[in-house]
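The values are calculated or read from the model by the stated rules, or taken from the named source; none is laboratory data. Bear in mind that the values here come from a model prediction, so they are computed numbers and not experimental data. Note that we place each Cβ from the backbone using ideal geometry, even for glycine, and neighbour counts take in every protein chain shown.
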C-alpha cells in the first residue's frame with residue numbers, strides 16, 4: 001500500500017513537472033493560451049484540466065498494456081506504421097523545438113533575474129541536463145519530487161501577492177469566435193504529446209494500473225489548479241505583463257529582490273525538469289532506432305537545441321507553441337477513438 005501511494009505521487013509530480021516548463025512557470029503560456037481570452041479563458045482552463053486527467057492517464061494505461069518504452073512504440077501502436085512513423089517524425093521535430101524554447105528561457109532567466117549573460121544560463125543548463133539524463137527515469141522522478149511541491153508553494157505566493165495589489169487595467173479580450181475553445185485543446189494536445197516520452201516508460205515500468213490512474217488524476221488536477229492560480233495572478237495586470245519574458249517574476253518585485261530572486265530559481269527548476277524530460281524522451285526515441293552510446297545521443301540532441309535557442313524565448317513561445325499544438329491535436333482524437341472502440345467492445 002505504501003509503495004503504491006509513493007508511486008502515485010511520483011507519477012503525479014513527474015507529470016506536473018514535465019508539463020510545467022518554461023512557458024508555464026514564467027507565465028508566458030498562461031497569457032498565450034488563456035489569460036488573453038478573459039473569462040472565456042477561465043472556462044478553457046477547466047476544460048484543459050479535465051483533458052489532462054483523461055489524456056495523461058490514457059497514455060500511461062496504453063503504454064502499460066503494450067509495454068511501450070518510448071513514444072516511438074506508442075505512436076506506432078496508436079496510428080499504425082505509416083501514420084505513426086510520420087507522427088513520430090513530427091513529434092521529434094516539435095520536441096526539439098520546445099526544448100530549444102526552454103533553453104532560451106533558461107538564458108532569459110539568467111539575463112533578466114540574475115543579470116548574467118544568457119549564454120551562461122544555457123551552457124550551465126546543458127551540462128546539468130547531460131548529468132541527470134544519463135542517470136535515467138529514477139533521477140527524473142527525484143528531481144520532480146523535490147521541485148514540484150516548491151513550485152506549488154510559490155505559485156500560491158504569487159497568487160496571494162497579486163491579489164494584494166491594485167489591478168492595472170481591465171482584462172483585454174480577444175474577440176475572434178471560438179478561439180478560446182480551441183486554445184486549451186491545442187495546449188493539452190501539445191503537452192500530452194511531449195510528455196509521452198516520459199509517460200510511456202512510466203506506464204511500462206509500473207507493476208499495477210492503480211498508481212497510473214491515481215497519478216494521472218492527481219497530476220491532471222494539479223496542472224489545472226496551477227493554471228487557475230496563475231490565471232488569477234496574471235489577469236488583473238495583463239496590460240503590464242503581456243510583453244514581458246518572465247511575467248510571474250515581475251509580480252513578486254514589490255516583495256523585494258530576495259523574493260523575486262528566489263522565485264526565479266523556482267522557475268528555473270521547472271524549466272530544468274521539463275528540459276530533462278524532453279531530452280530523455282528524445283534519447284529514448286533515437287536509442288530505439290540507432291545503436292549509439294547514450295552519452296553521444298544526449299550530446300548531439302543538446303547541441304541541436306542550442307543552435308535553435310538563439311531565436312529567443314518569447315518569439316519561440318508565441319509562434320511555435322500554438323502551431324505545434326494544432327499539428328499534434330490528432331493525438332487526442334486518436335486516443336478518444338480508441339477508447340470509444342474499447343467501450344463498444346465491452347458493451348457487447
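From the list 102, 60, which residue is at pLDDT below 85, surrounded by 23 or more Cβ atoms within 10 Å (Cβ to Cβ) and assigned to a helix (DSSP H, G or I)?
Values: 60 fails: at pLDDT below 85.
The conditions single out 102.
Return the only residue of 152, 120, 129 being modelled with pLDDT of 90 or more and surrounded by fewer than 21 Cβ atoms within 10 Å (Cβ to Cβ).
Numbers: 152 fails: modelled with pLDDT of 90 or more; 129 fails: surrounded by fewer than 21 Cβ atoms within 10 Å (Cβ to Cβ).
Checking each option against the conditions leaves just 120.
Suppose we filter 217, 241 for residues that are touching a residue at least 24 places away in the same chain (Cβ under 8 Å) and surrounded by 20 or more Cβ atoms within 10 Å (Cβ to Cβ); which single one remains? If you could, list the steps in order and put the result at the bottom.
Working: 217 fails: surrounded by 20 or more Cβ atoms within 10 Å (Cβ to Cβ).
Step by step, each of 217, 241 is checked, and only 241 is touching a residue at least 24 places away in the same chain (Cβ under 8 Å) and surrounded by 20 or more Cβ atoms within 10 Å (Cβ to Cβ).
Is it the case that residue 111 is in contact (Cβ under 8 Å) with a residue 24 or more places away in the chain, farther than 18 Å from residue 331 by Cα and in a helix (DSSP H, G or I)? Spell out the reasoning first.
Values: in contact (Cβ under 8 Å) with a residue 24 or more places away in the chain: no; farther than 18 Å from residue 331 by Cα: yes; in a helix (DSSP H, G or I): yes.
Spelling it out, it is not the case that residue 111 is in contact (Cβ under 8 Å) with a residue 24 or more places away in the chain, farther than 18 Å from residue 331 by Cα and in a helix (DSSP H, G or I).
Is there a residue in segment 266-282 that is surrounded by fewer than 19 Cβ atoms within 10 Å (Cβ to Cβ), over 15 Å from residue 29 (Cβ atoms) and modelled with pLDDT of 80 or more? It would help to see each step written out before you state the result.
Filtering segment 266-282 for residues surrounded by fewer than 19 Cβ atoms within 10 Å (Cβ to Cβ) gives none.
No, segment 266-282 has no match at all.
So which residues in segment 124-146 are free of Cβ contacts under 8 Å to residues at least 40 places away in the same chain and under 15 Å from residue 309 (Cα atoms), if there are any at all?
Answer for segment 124-146, where residues must be free of Cβ contacts under 8 Å to residues at least 40 places away in the same chain and under 15 Å from residue 309 (Cα atoms): just 124.
Taking the residues in segment 246-258 that are surrounded by 23 or more Cβ atoms within 10 Å (Cβ to Cβ) and at pLDDT below 80 as candidates, determine which candidate is nearest to residue 154 (Cα to Cα).
249
From the list 92, 148, 143, pick out the single residue that is in a helix (DSSP H, G or I) and farther than 16 Å from residue 20 by Cα. If you could, list the steps in order and put the result at the bottom.
Working: 148 fails: farther than 16 Å from residue 20 by Cα; 143 fails: farther than 16 Å from residue 20 by Cα.
So the residue among 92, 148, 143 that is in a helix (DSSP H, G or I) and farther than 16 Å from residue 20 by Cα is 92.
Surrounded by fewer than 15 Cβ atoms within 10 Å (Cβ to Cβ), out of contact with any helix residue (DSSP H, G or I) (no Cβ under 8 Å at 6 or more places or on another chain) and modelled with pLDDT under 85 - does that describe any residue in segment 294-306?
For segment 294-306, residues surrounded by fewer than 15 Cβ atoms within 10 Å (Cβ to Cβ), out of contact with any helix residue (DSSP H, G or I) (no Cβ under 8 Å at 6 or more places or on another chain) and modelled with pLDDT under 85: absent.
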